[in-house]
Amino acid sequence: MTTPWPTRRTAGRPLPPRVAAPREPVDPARTGRRVVRREARGMDAGTVTAALEEARFDARQASRYEDLADDLRGPAELAEWERIAALLAAAPAGTVYDPDVDDVVQAELAADAAAADAVRAYAARTRENADQFAAVLEDIAANGLPSVEDCTPWLEGVGRGLDAVATRAGARAAATARRSPRAATAPAPSSCPARPRSTDVPRMRCSASAQSAGVTSGVKRSRTRGRDRS
């Protein structure tokens, strides 16, 4: 007779939470262009032309499948092969493709670097604001709240904010007026609908009474004709 394995009475150790690392959003078209540039490095015009024909064949094959209708990578790769082939066709004979001297590639890299710098600047401003807020909280924790005389009234602060918003709105409106003078001179459309005139009500009543009178006279005529026939 076998002895069953005793059940475990202790609670298991909880697993640490999985935190996803920040990643760049996936762009299939951009990925396809990068793959083509990596493959085309060192190719001459003839080799690129052969690769372009193969990419066109793959595009024709993929056009037969409905599930690939929304594919962005295939058309992007084909367009990149066509661009590289045209670039080498206009270059002197014997030129090989090098992404390091491609103006389009360098422009994309410069745009990526500028976007990264903008994100870093935003992170620095956010960190600075957080440090200032933390310093204020630490000062309040150490010395308590400041006196009323040293504080700015809430209404005064709100007024300053509203004045700043009005100033920005005025500057934006002035810039719009400079770009399109017609928009500045055109009258603002009225949001309230026009009210009906008092003279329209009697007209409607008269028309309704006239229609009812016409229907009544028609009924009387039909009855009279019926009696004459009988």
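Label positions at V165 and A89, each projected 7 Å from the Cα along the C-beta direction, are separated by 5.8 nm. Using heavy atoms of the protein chains and a probe of 1.4 Å, the accessible area assigned to L52 is about 10 Å². Heavy-atom accessible area, probed at 1.4 angstrom with all protein chains present, ranks D102, D44 as D44, D102, highest first. For region 39-184, the direction-averaged projected area of the alpha-carbon convex hull comes to 19.4 nm². Here the label points at A142 and A29, each 7 Å from Cα along the C-beta direction, are separated by 5.4 nm in the simple model.
The values are calculated or read from the model by the stated rules, or taken from the named source; none is laboratory data. No experiment lies behind these values; they were computed from the predicted model shown. All Cβ positions, even for glycine, are placed from backbone atoms using ideal geometry, and neighbour counts span all protein chains on display. With ligands, DNA and RNA removed, areas are computed over all heavy atoms of the protein, side chains included. Shrake-Rupley method; radii C 1.70, N 1.55, O 1.52, S 1.80 Å.
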